[in-house]
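The values are calculated or read from the model by the stated rules, or taken from the named source; none is laboratory data. Since this is a predicted model, take the numbers as computed values, not measurements. As a convention, Cβ positions derive from the backbone with ideal geometry for all residues, glycine included, and neighbour counts pool all protein chains shown.
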Amino acid sequence: MNTHPQRVAFEAREMAQTLITIRDAQKTYHSERGDIAALRDINLDVAAGEFVSILGPSGCGKSTLLKCIGGLHPLTGGAIEIAGKPVLEPPEDTGFVFQRDVLLDWRTVVDNVLLPAEFQRLPRAKWEPRALELLVTLGLEGFGSRYPWELSGGMRQRVAICRSLLLDPGLLLMDEPFGALDAITRDELNMELERIWDRSKKTVLFVTHSISEAIFLSDRVVVMDKNPGRIAAIVEIDLPRPRSLAIRETPEFVRYGKELRSIFENLGIMKRSAG
Ligand SMILES: Nc1ncnc2c1ncn2[C@@H]1O[C@H](COP(=O)(O)OP(=O)(O)OP(=O)(O)O)[C@@H](O)[C@H]1O
Ligand SMILES: [Mg+2]
């Protein structure tokens, strides 16, 4: 049988074990000005090795969802399980890149990258070479002994990504890691992340506002709507891998862009384009 290689990859992934199970997840924040329904009836399964983006307007609960999966915020209803275990605290084997890079300004770049090893009391001598290697991979060779305040925004974000990758976690939770970057740096880091994911087959949950970034990186794009924060649609991205930036000009990529834009138009989040 002459089966398309991409189809084989999809079938393999469909057979992959479910890593994350989210069932009827609810999150309500109680504030002085009343309750905010940040997440309502979220149901989602993520397979091991899958790259899933979460796309949606500001305030729809993307960061909240990631923090609940990462065990940083408790749900107010429903359940999240990772590898069959309920998430009650930050799970092991998980790297987190926050919406704003949270680097410690009094520690050098390499010492920031080494933080996860330090938390786990792992020997520095063993992990420092890995930290330096990651800095090279992310284009920061020679910056290990600098301080975060000496770096540009894009460089700081790369340090935060190195830190999340240090212990080679199986699950990576990334909250708009490239949101504050210029278009060229963003393109570069998109490619780097695609390469890292392709090599290491991590499971990645990636929050973004960018339709193009979501299509480029993902196996599936989860579209959220707000008030209350909920899943409005899930779009499977059946594009060959590895992907290069040129894929953005292909008719298939453009078609996914139109599909996602029309979902946002139908939700009233985006104005309908003329023609
Ligand atoms: N700690 C908190 N206390 C009270 N309300 C909160 C808290 N964190 C978030 N919210 C509210 O919950 C809703 C979802 O917020 P969240 O940060 O998850 O949105 P988001 O989709 O990540 O937005 P953005 O794209 O702007 O980052 C918003 O209405 C926000 O005001
Ligand atoms: Mg957010």
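What are the pairs, 6+ residues apart or on separate chains, where a residue within the stretch 52-74 that is modelled with pLDDT of 95 or more and assigned to a strand (DSSP E or B) has its Cβ under 6 Å from a residue that is within 9 Å of ligand 2 (Cβ to nearest atom) and not β-branched (Val, Ile, Thr)?
ILE54/LYS62
Could you list, in sequence order, the residues of the stretch 63-105 that are in contact with a helix residue (DSSP H, G or I) (Cβ under 6 Å, 6 or more places away or on another chain), under 15 Å from ILE42 (Cβ atoms) and within 16 Å of ligand 2 (Cβ to nearest atom)?
The answer is HIS73, and nothing else.
Collect the residues in the stretch 75-85 that are in contact with a strand residue (DSSP E or B) (Cβ under 6 Å, 6 or more places away or on another chain) and in a strand (DSSP E or B), keeping them in residue-number order.
Within the stretch 75-85, GLY77, GLY78, ALA79, ILE80, GLU81, ILE82 meet the criteria.
Restricting to the stretch 15-51, and then to whatever is over 20 Å from the mean Cα position of the chain (by Cα) and not in a strand (DSSP E or B), can you tell me which residue is modelled with the lowest pLDDT?
Among residues in the stretch 15-51 that are over 20 Å from the mean Cα position of the chain (by Cα) and not in a strand (DSSP E or B), the one modelled with the lowest pLDDT is MET15.
With GLU249, GLU259 as the choices, which residue is among the charged types (D, E, K, R), modelled with pLDDT of 95 or more and loosely packed, with under 13 Cβ neighbours inside 10 Å? So that I can check it myself, show each step before the final result.
Working: GLU259 fails: loosely packed, with under 13 Cβ neighbours inside 10 Å.
Checking each option against the conditions leaves just GLU249.
Can you tell me which residue in the stretch 55-82 is nearest to ligand 1 (Cβ to nearest atom), limited to those that are touching a Gly at 6+ places or on another chain (Cβ under 9 Å) and among the aliphatic types (A, V, I, L, M)?
Residue satisfying both the conditions and the ranking: LEU65.
I'm told ASN112 meets every condition in (1) of a type in the set (S, T, N, Q); (2) crowded, with 21+ Cβ neighbours inside 10 Å; (3) within 16 Å of ligand 1 (Cβ to nearest atom) except one. Can you identify the failing condition by its number?
Going through the list (1) of a type in the set (S, T, N, Q); (2) crowded, with 21+ Cβ neighbours inside 10 Å; (3) within 16 Å of ligand 1 (Cβ to nearest atom), ASN112 breaks only (3).
How many residues, within the stretch 101-126, are without any contact (Cβ under 8 Å) to a residue 40 or more places away in the chain and within 18 Å of ARG158 (Cα to Cα)?
Matching residues across the stretch 101-126 total 3.
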